[in-house]
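K.L.:
Next up is a structure, given as structure tokens.
The values are calculated or read from the model by the stated rules, or taken from the named source; none is laboratory data. Quick caveat, the model's predicted, so the values are computed rather than measured. Cβ: placed from backbone, ideal geometry, glycine included. Neighbour counts: every protein chain shown. Side chains included, ligands, DNA and RNA excluded: accessible areas come from the protein's heavy atoms. Shrake-Rupley method; radii C 1.70, N 1.55, O 1.52, S 1.80 Å.
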Amino acid sequence: QVQLVESGGGLVQSGGSLRLSCAASGIFFSASTMGWFRQAPGKQRELVLTISSGGGTKAADSVKGRFTISRDNAKNTVYLQMNSLKPEDTAVYYCNAALGNGVYWGQGTQVTVSS
């Protein structure tokens, strides 16, 4: 079955950086659109960044210029580099994979940004 395992979350001060990783298995990774979503307490899950199989990216306005997404097809891994973090970036971050009609989610990793 498809497994997405996130890592790299934690506590960081405002202005700091973190890199999240998501290792995928059980899916044709290079053909999949991969993404990162986040959900803050009391809010709906929202898109952060996605990257297509061809490398095209889509970003939420709130993270443009601060966050980047990349993928390593040889390692079946997608990354989220987060710079200039703000307290409002505090959320559980979820890895997402989409291929055909299938949509898959990781278990999430907590990112907390202190002011």
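K.L.:
Quote to one decimal, in nm, the extra length available between N101 and R19 on full extension: 0.36 nm per residue of separation minus the C-alpha distance between them.
P.N.:
Value of the extension gain: 26.6 nm.
K.L.:
With a 1.4 Å probe and every protein chain left in place, work out the accessible area per residue of the chain in Å², rounded to a whole number.
P.N.:
Per residue, the chain has 51 Å² of solvent-accessible surface.
K.L.:
Out of the total accessible area of the chain (probe 1.4 Å, heavy atoms of protein only), what percent is carbon and sulfur?
P.N.:
47
K.L.:
Also, quick follow-up: Need the list of lysines near K75 for cross-linking: C-alpha distance under 24 angstrom, and skip anything on the same chain fewer than eight residues off.
P.N.:
Excluding near neighbours in sequence, the set is K58.
K.L.:
Further question: To the nearest 20 debye, what is the magnitude of the charge dipole of the chain about its Cα centre, counting +1 on the Cβ of each Lys and Arg and -1 on the Cβ of each Asp and Glu?
P.N.:
100
K.L.:
Mind ordering 45-51, 100-106 by average Cβ neighbours within 10 Å, highest first?
P.N.:
My ranking of the peptides, most packed first, is 45-51, 100-106.
K.L.:
What is the sum of charges around C22, taking Lys and Arg as +1, Asp and Glu as -1, for the other residues whose C-beta is under 14 Å from the C-beta of C22?
P.N.:
After counting each charged neighbour, the total is +2.
K.L.:
Taking a 1.4 Å probe, which of D89, D72 shows the most accessible area, and what order do the others take after it?
P.N.:
If we order D89, D72 from most to least accessible, we get D72, D89.
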